[in-house]
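Asker: Got a structure for you, written out below as structure tokens; questions coming shortly.
None of the figures in this text is laboratory data; all of them are computed from the coordinates on show. Since we're looking at a predicted model, the values are computed, not measured. Quick reminder, even Gly has a Cβ in these numbers, built from the backbone with ideal geometry, and neighbours come from all protein chains shown.
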Amino acid sequence: MDGMTTSAPTPRLDLASVADTGVHQLAQSLTHHVLDTSSRLGSDAWTPALTRLFVLEELRRAAERLQRAAAAEAASTGAGYPQIGEACGMTRQGARRRWPGLLDHPHDHSTEQR
């Protein structure tokens, strides 16, 4: 990264709208799948609203796992906490708290690029 600051390739608001639409469509599809599967199993405990909430929680967890993997990949290619934090809309300290040990290097020299 040679100390260069990078910006997100797409303005955050545009990307947020696209992400909201994509997640909504995926959640809707998964909700229908879970409701269809649970009705075939004879369970009527799943209501559409609770199922959608369940699906959205699983999607949130999956996104967090994928985000950690992407942060680790970025770190392995030379990004430091400042760049990783910026990509996630948080400070360097916020990224360090969220993913402690991501840049697990000896304390005698810094490998972060500012």
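Asker: Hey, rough spin-label estimate for His24 and Thr37, points 7 angstrom out along Cα→Cβ, what's it come to in nanometres?
Answerer: 2.5 nm
Asker: Grab the Cα-Cα distance for Met90 and Leu53, subtract it from 0.36 nm times how many residues apart they are, and report the gain in nm with one decimal. Don't skip to the answer; put the middle values down first.
Answerer: Details: separation 37, 0.36 × 37 = 13.32 nm, distance 2.62 nm.
That works out to 10.7 nm of additional length.
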